[in-house]
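Student: Next up is a structure, given as structure tokens.
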Amino acid sequence: MKEYYGSMPDGSPISLYTFSVGKLTVSVTDLGATLVRILVPDAAGKAEDVILGYDRGEDYLKDSANCFGATVGRSANRIGGASFELGGIEYSLAKNDNGNNLHSGPDHWFHRLWQVEEVTDRSIRFSLFSPDGDQGFPGNARVQVTYRLEEPGSIHISYDAVSDRDTLFNLTNHCYFNLAGCDHPENAMLQTLCMPARFFLPDDPFNIPTGEIRPVDGTPMDFRAPKPLNRDLDADYEPLKLQHGYDHNFDVWCNPCAVLQDPESGRTLRISTDCPGIQLYTGNFVDAVGKNGCRYFHRSGVALETQFYPDAIHHPHWPQPVTRAGEHYHSDTLLEF
């Protein structure tokens, strides 16, 4: 189903597309190829929306900070110093986060209308042309994001891109999940999380990785056994104190790489990916009035962003987000409810 969802500043209409498979209903918009709603039943069959967001397209356009449900690119997360060297050429990016570059902004992909290339009864493919120099990155790039619903209740997100020059591609989705329901922000940190990650990346005070890959053993970063998000959230541990909670990259070495569960409703989310990392962010600075007028405060949801490691371009021994001219970038993330 396609419906009107607002308008761009130039008057162009924003559209919302809704799909259902089994008991799962998903809505996405061509504004930023953004996930807007995910309706999931609880153990008793009651369906609720489990991601944070807004009721109108115009509200997404006003928000550059939270990235609710957004497709983020060309390079998600942070690049230290807002610059990088590739092929002997130094590229400068916008300094939109304490002298660093965050989510390639401020000219965000999620504030642009994407083209709809293909729609079926359970899938949609969006495309975007990103010209050479867009956001400071080299190469004319053609990008596709595909959402496909699969039985019995999952969302398969595929990212594809190609550029005519060597460039960086590191795309992710920035949903904030609250499996208790997005209108129950007080319950978000009661969700239990299990991640098999063995290592995490400590950051400096500005969220740039120090270069250390630290074992989770014996630290509040250990989620190898399920635990509530709030159990160690305010622990006296420097990496947590620096970021006011969890905002760290963890290694992905097996799938599912994360399992999130709401103990009261029984809703469960399993995340699988081919990416080398996943960012755990407990919404430490969220502050917005969202769907149905609900007030989202800090820690009203949790983001689990599949990605290359943040600032990987400055750490050549880490997996690299570099795609060579003419090569095909592809990545998959599966959300199973």
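The values are calculated or read from the model by the stated rules, or taken from the named source; none is laboratory data. This structure is a prediction, so every number in the text was calculated from the model and none was measured. Neighbour counts run over all protein chains shown; Cβ positions are idealised from the backbone, glycine included. These accessible areas exclude ligands, DNA and RNA; they are computed on the full protein's heavy atoms, side chains included. Shrake-Rupley method; radii C 1.70, N 1.55, O 1.52, S 1.80 Å.
Student: For region 37-84, give me each residue that is in contact with a helix residue (DSSP H, G or I) (Cβ under 8 Å, 6 or more places away or on another chain), part of a strand (DSSP E or B) and more than 21 Å from ILE157 (Cα to Cα).
Tutor: ILE79, PHE84
Student: If you check every pair at least six apart or on different chains, which have Cβ atoms under 7 Å apart with a residue in region 59-88 that is under 21 Å from PHE137 (Cα atoms) and free of Cβ contacts under 8 Å to residues at least 24 places away in the same chain first and a residue that is of a type in the set (Asp, Glu) and outside any loop (DSSP other than H, G, I, E, B) second?
Tutor: SER83/GLU90
Student: Which residues, taken from region 230-243, are more than 19 Å from the chain's Cα centre (by Cα) and either of a type in the set (S, T, N, Q) or on the phi > 0 side of the Ramachandran plot (or both)?
Tutor: Across region 230-243, the qualifying residue is only ASN230.
Student: Output the residues belonging to region 222-241 that are in a loop (DSSP other than H, G, I, E, B) and under 16 Å from ASP204 (Cα atoms).
Tutor: Selection gives TYR237 alone.
Student: If you check ALA94 against the conditions, is it under 18 Å from the mean Cα position of the chain (by Cα), surrounded by fewer than 16 Cβ atoms within 10 Å (Cβ to Cβ) and not in a strand (DSSP E or B)? So that I can check it myself, show each step before the final result.
Tutor: Working: under 18 Å from the mean Cα position of the chain (by Cα): no; surrounded by fewer than 16 Cβ atoms within 10 Å (Cβ to Cβ): yes; not in a strand (DSSP E or B): yes.
No: the conditions fail for ALA94.
Student: May I pose another question? Output the number of residues of region 98-127 satisfying the condition of being open to solvent by 20 Å² or more (accessible area, probe 1.4 Å), touching a Gly at 6+ places or on another chain (Cβ under 8 Å) and in a strand (DSSP E or B).
Tutor: 0
Student: Within the set of pairs 6 or more residues apart or between chains, which connect a residue that is free of Cβ contacts under 8 Å to residues at least 60 places away in the same chain inside region 174-192 to a residue that is among the aliphatic types (A, V, I, L, M) and crowded, with 24+ Cβ neighbours inside 10 Å with Cβ atoms less than 9 Å apart?
Tutor: Within 9 Å, no pair qualifies.
Student: Looking at ALA312, ALA288, which is the one that is at pLDDT 95 or above, within 18 Å of TYR159 (Cβ to Cβ) and buried (at least 18 other Cβ atoms within 10 Å of the Cβ)?
Tutor: Every option except ALA312 fails the conditions.
Student: Test GLY11 against the criterion of being at positive phi, over 20 Å from the mean Cα position of the chain (by Cα), without any contact (Cβ under 8 Å) to a residue 12 or more places away in the chain and in a loop (DSSP other than H, G, I, E, B), and give yes or no. Give the steps one after another, and end with the answer.
Tutor: Working: at positive phi: yes; over 20 Å from the mean Cα position of the chain (by Cα): yes; without any contact (Cβ under 8 Å) to a residue 12 or more places away in the chain: yes; in a loop (DSSP other than H, G, I, E, B): yes.
Yes, satisfied.
Student: Taking region 121-147 only, how many residues are out of contact with any helix residue (DSSP H, G or I) (no Cβ under 7 Å at 6 or more places or on another chain) and within 15 Å of ASP30 (Cα to Cα)?
Tutor: Looking only at that region, the number is 11.
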